[in-house]
Every structure is written in C-alpha cells, then in structure tokens.
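J.: A single structure is presented below for examination.
Derivation of every value follows stated rules applied to the coordinates shown; laboratory data play no part. All values reported here derive from a predicted model rather than from experimental measurement. Quick reminder, even Gly has a Cβ in these numbers, built from the backbone with ideal geometry, and neighbours come from all protein chains shown.
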There are 2 protein chains.
Amino acid sequence: MSMSFIIREGKHKDAKSILDLIVELAVFEKEPDAVEISLGDLIRDGFSDRPRFKTFVAETAEGSIIGMALFYERYSTWKGKTIHLEDLMVTANQRGIGAGKALYASVLKYAHENNYKRVAWEVLDWNTNAIEFYRNTGANVFEEWRVAQMNQEGLEKFIHENF
Amino acid sequence: MSMSFIIREGKHKDAKSILDLIVELAVFEKEPDAVEISLGDLIRDGFSDRPRFKTFVAETAEGSIIGMALFYERYSTWKGKTIHLEDLMVTANQRGIGAGKALYASVLKYAHENNYKRVAWEVLDWNTNAIEFYRNTGANVFEEWRVAQMNQEGLEKFIHENF
C-alpha cells in the first residue's frame, strides 16, 4: 500500500481515472447502473474551454490516482456564490491514509481562498462514518431538508402532459 | 386580487422585486435573518455579463411581480449537465391562481428544451403541501439523502486549524 500522495488539480489525462472513481462511488451508493456519462462526456464537460466543474486528485508517488474531489459553483440567494462538492471518493484499497481528508480540505481551502460563502454537498443518511467525519470538521448535516429531483423521463412526461 | 399573469424571463429592473420574494421565502422557511445578499450583489451576480443564475418572473397585467423562480446549472457525474431550482416563490396574497405551477413548469420546460438531464431542488420535510405537489408532477423526493454545508464561519475555523 502506498503511504504517500500529493493533491493537485485534475487534468485531461486524469479523466479515465476520475470516471473509474465516479463509477466506484456509484456502486458504493448502491446505484451501480446510475452512471450514464461517457469518458468523452466527462472530458468535454470538465476539461474543455468552459469547464462545468473542477477536480482535485490524490496521486501516489508512483503516479496512480487514488482519489478525487469534483466540485462546481452554485448560488445561494441567502449568501451569494457557493461551492458544491458533488463527489468525494478514495478508492477502497487506499482508504485510511488521509487522502479523503486531504481532498476535502483542498476543496474547503479553494472555497475560502476564492471568497465562496459556503460549501455544500449531499450524504446518504446510512453513511454514518461520513456524517460523523463531516460534523467533526464543523459542517452542518441537516435533518429537515429533502432533495427533490425530476429526472429526464419525468421531464419528458411532464412536458408532454402540460404543454 | 389580480387573476391574470404572464411568465417571462427576469430582467435587471426586476431585481428589487426578486429580492423581496427571496426575503419573503426566507421568512416562510423560518430563517428571517438568513438573507445576507444586497440588491447590489443580486444585480451583479444575476444581471451582469456572466450571470450566475437565471430567473423567471410572474407579472400581473398591472405590472406587479408576484412570483419568481431562480435557477442555475449544476453537474451530475451520473447524468451530465443539470438544472438546480434554488428558489420558487409566489407572494402570500397571490397564491392559488396558478403562478407557482406556471413558474415551475417554465423551469422544467427550459431544462427540457436545453437538453438538461435533470432538475433538482430542496424542500423542507414539514412543507407537505409542496412535497405532495412535486410528487404529483412526477418528481422524486428522496428520504435518505441529507444536505450538508460548511458555512463561512465553519470554513474560517477549519482553515485556521488545518493549514
């Protein structure tokens, strides 16, 4: 097991490793078939002229990508510009060496340095280890807010019925 | 009570009305002191060269803004580009004439027409009327996801302790 790593911004060449981590996270979240984006989509959306997100990666001395954080801007009508941390993932056999906390801290540092007013993310209620970790770092995990979504199938049905 | 309205894109001249609705929504959500942004912030962030959000407004025949929807892009590592509906609000004395549903439908239509893969938002668990409305339109309201946030004070404390 590699015990040393660096955190750096993700680049085009890291896209395949990042997609592998996205899929591994979806499996952990019990949604193994949820990932519909392709490697081409990820490269176009994240590593082009107007990227839709930024990434930090954790890279070992041997050059392996063992973890990543993917985030982008949001806007709070209460606070102003904020950061949303969409994915934070360290591959299973590299946990416990601090890569997850280092990636998390890098995103918080980025937000602080760039004057974002808040960092937000979502966590599954059964992922109690993660919730405890977040609360220990000073984050709030809210009990009363629910996430709502209209997916693509729902959108098509709604549009068909209402317009 | 005015019974007719149109939905149109929000403009610079609507910023004050939009801010009034943001504050009214915060009061409804039992966070009356949460709104820290100023009118100047809202104009700079939403009605400048590179706006951080878009709005639709509901306007009466007399020219009053009685409701608004405020939304922006996000990115799903499962589906691709998505829309986040940050605020959907109709002023209290103009409820029941369909402005809320019309604003909601306009955001869904915008998302569908522009090939967004999903529309997401957040709702308070005690706002059962809203949850029922959303579910009746085909949206999912998830029980197991929790919203987590590190606010500005938390960020400063975390950075001070970790860097």
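J.: Just for strands (runs of 3 or more DSSP E) wholly inside region A:71-163: which have at least 2 residues that are more than 9 Å from every other protein chain (Cβ to nearest Cβ)?
T.: So the answer is A:80-90.
J.: Taking the condition at the interface with another protein chain (Cβ under 10 Å from one of its Cβ atoms) and aromatic (Phe, Trp, Tyr), does B:PHE56 pass?
T.: So B:PHE56 fails the test.
J.: What is the one condition in (1) crowded, with 18+ Cβ neighbours inside 10 Å; (2) over 14 Å from A:SER76 (Cα atoms) that B:PHE71 does not satisfy?
T.: (2)
J.: I'd like to verify a number: residues in region B:74-101 that are surrounded by fewer than 18 Cβ atoms within 10 Å (Cβ to Cβ), of a type in the set (Lys, Arg) and more than 15 Å from the chain's Cα centre (by Cα), how many?
T.: Selection size over region B:74-101: 1.
J.: Also, I was wondering about something else. Looking at region B:15-45, which of the residues that are small (Gly, Ala, Ser) and facing chain A (nearest Cβ under 8 Å) is surrounded by the fewest Cβ atoms within 10 Å (Cβ to Cβ)?
T.: My answer is B:ALA34.
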